[in-house]
Amino acid sequence: MKHTVIVIGGGPSGLLAAATAASRGSGVTLLERMDRPGRKLRICGKGRGNIGNTAPLDEFLTHFGRNFRFLRPALAHFFTPDTIELLAGLGVQVKEERGGRLFPVSDSAQDLVDAFVRHARSSGATIRTGCRVGDIRRLADGFEVRFGAQTIGADRVILSTGGASYPATGSTGDGYDLARSLGHGITAIAPALIPLVTTGDTAARLQGLSLKNVRAELRVDGKKTAEQMGEMLFTHFGLSGPIILTLSKAAVQSVDQGRKTEVLIDLKPALDPAKLDARLQRDLKEHGKMHMENLLKGLMPPKLIPVCLDQTGLAADKAAHQVSAEERKRLRLWLKELRFTVSGYRPLREAIVTAGGVSLAEVNPKTMESRVCPGLFLAGEVLDMDADTGGFNLQAALSTGYLAGLSAATAP
């Protein structure tokens, strides 16, 4: 028996779910609320399309925190090598960059969108845009899906509406209401992978400065809770960039709980305090007549120097040989612990992904079928599943979408 399937949501998980179900003989209609599918994918990776990550399976799963076990069956069906092979067959070659990140060779996320849309259509799926689903009704022999003044029926429904971030791309949180109407519980949603807002004017003074190979440590009520090594960015409101985004979920939670939340930046992570002190002593001795504002050019980007001088109390025109042991200590501490107090975070609409969503306890990880509403399958960001930045979330969307499409088409 060939099932009819309605896929709600035309992001990467929905497009791959539609293609997978259609390729196995199901009659598939994909309903996308926007004027074209894949709009959020189009801005992924700053428009370059960070499609996945080459981390081995066990390492890959560590980037999903407490929910990593749920994802294992989906990755067993469709993982990074499958993504690469599928895209190659669709005419999109990929390349690996720092941290295992995968991008199309063209550096164009639009090429990914076009490929997934072609794949869905060539597999036999019908894509309808401008269709905002307002209601799903469970019937004795299937489902009835209403959008606008129209209603269509199907044996199976795949819910792949995304989260609640970047609503201009169509991820408005509608999926949570639809899932709830069919009996699902929703874990409270919150922004994940979100820039942080800091107090004071330090970040604003450094706006636009990007740092590589630095360590960011998150402290809550004075205790270290997490750290990340890599690249970050200063903005007019605070902190952003890959390592900040990865720390942001825990930071959001502590801020919402009213706890003291700080981010400490180690500008010299390769040097422990003793080695850094020896380096400073050597520089101060070798360049004794040099003014501090010039000597510091060998230690940090020029934009950091005025901030360093202000916060350490060092005079710009002070000769290096005049720097006291106490002043050298202040400089060393500043280089190892550039502190920012986190006062908040950017709005949910600016989050790269949404934390929270449909409770995973109510979804069968081996099929992506709902445990509370048989015939309903769920995939992608609508689920309570989020990961670090670096292509992990997009691969999870593809993997769960593939498994949902396979199961919807082939399950009895």
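With 25 Å as the limit on Cα-Cα distance, the pairs of 268/297; 95/297; 223/249; 297/329; 268/318 that go past it are 95/297. Note on residue 291 and residue 250: the extension gain reaches 10.6 nm, defined as 0.36 nm multiplied by sequence separation minus the Cα-Cα distance.
Here the Gaussian network model covers the chain, with springs between Cα atoms less than 10 Å apart; of 49, 298, 91, 298 fluctuates the most.
Relative contact order, percent, of segment 164-251 when contacts are C-alpha pairs under 8 Å separated by at least 6 residues?
29
Angle of helix 325-336 to the longest C-alpha principal axis of the chain, folded into 0 to 90 degrees and rounded to 10: 10°. Less than 5 angstrom separates the built amide H of residue 345 from those of 197, all sequence-distant by 5 or more or on a different chain. Basic side chains Lys and Arg get +1 at the Cβ, acidic Asp and Glu get -1 at the Cβ, and with that the dipole of the chain about its Cα centre reaches some 400 debye. Size check on segment 13-121: the Cα extents along the three principal axes, sorted descending, read 36, 30, 26 Å. Using 0.36 nm per residue and subtracting the Cα-Cα separation, the extra length available between residue 411 and residue 90 on full extension is 112.8 nm. Centroid-to-centroid, using Cα positions, segment 228-274 and segment 286-356 are 15 Å apart.
Spatially, segment 362-385 and segment 5-35 are offset by 15 Å when compared through their Cα centroids. Phi angles across segment 267-279 convert, under the Karplus curve 6.51 cos²θ - 1.76 cosθ + 1.60 with θ = phi - 60°, into 3J(HN,Hα) values of 6, 10, x, 6, 10, 6, x, 5, 5, 5, 4, 5, 5 Hz, Gly and Pro given as x. In segment 114-193, the convex hull through the Cα atoms has an average projected area of 7.0 nm², a quarter of its surface area.
In order along segment 207-222, phi translates into HN-Hα couplings of 3, x, 7, 10, 10, 10, 6, 10, 10, 10, 10, 9, 10, 10, 6, x Hz, rounded to whole numbers, per the Karplus curve 6.51 cos²θ - 1.76 cosθ + 1.60 with θ = phi - 60° and x for Gly and Pro.
On the beta carbon distance between residue 324 and residue 204, with R0 = 35 Å, the FRET formula returns roughly 0.70. Computed from Cα atoms, the angle from the helix 80-89 axis to the main principal axis of the chain rounds to 70 degrees. With the simple model of a label 7 Å out from the Cα in the direction of the Cβ, residue 270 to residue 135 spans 6.4 nm.
Packing order of peptides 155-167, 2-14, highest average first: 2-14, 155-167 (average count of other Cβ atoms within 10 Å over each peptide's residues).
Express the carbon and sulfur contribution to the solvent-accessible surface of the chain as a percent, rounded to the nearest whole number, probe 1.4 angstrom.
Within the chain, the accessible surface is 50 percent carbon and sulfur.
The angle between the Cα long axis of helix 68-77 and the main principal axis of the chain comes to about 60°, on a 0 to 90 degree scale.
Restricting the calculation to Cα atoms, segment 120-253 yields a radius of gyration followed by a Dmax of 21.3, 63 Å. If the chain linking residue 372 and residue 311 were pulled fully straight, counting 0.36 nm for each residue of separation and taking away their Cα-Cα distance, it would gain 16.2 nm.
A simple spin-label model places pseudo-atoms 7 Å from Cα toward Cβ; at residue 108 and residue 177 they are separated by 3.7 nm.
Using just the helices of the chain, give the 222 nm mean residue ellipticity in deg cm²/dmol: DSSP H runs with n ≥ 4 each add -39,500 (n - 2.57), and the total is spread over all residues, rounded to 500.
That calculation yields -10000 deg cm²/dmol at 222 nm.
The values are calculated or read from the model by the stated rules, or taken from the named source; none is laboratory data. Since this is a predicted model, take the numbers as computed values, not measurements. We place every Cβ from the backbone using ideal geometry, glycine too, and count neighbours over all the protein chains shown. With ligands, DNA and RNA removed, areas are computed over all heavy atoms of the protein, side chains included. Shrake-Rupley method; radii C 1.70, N 1.55, O 1.52, S 1.80 Å.
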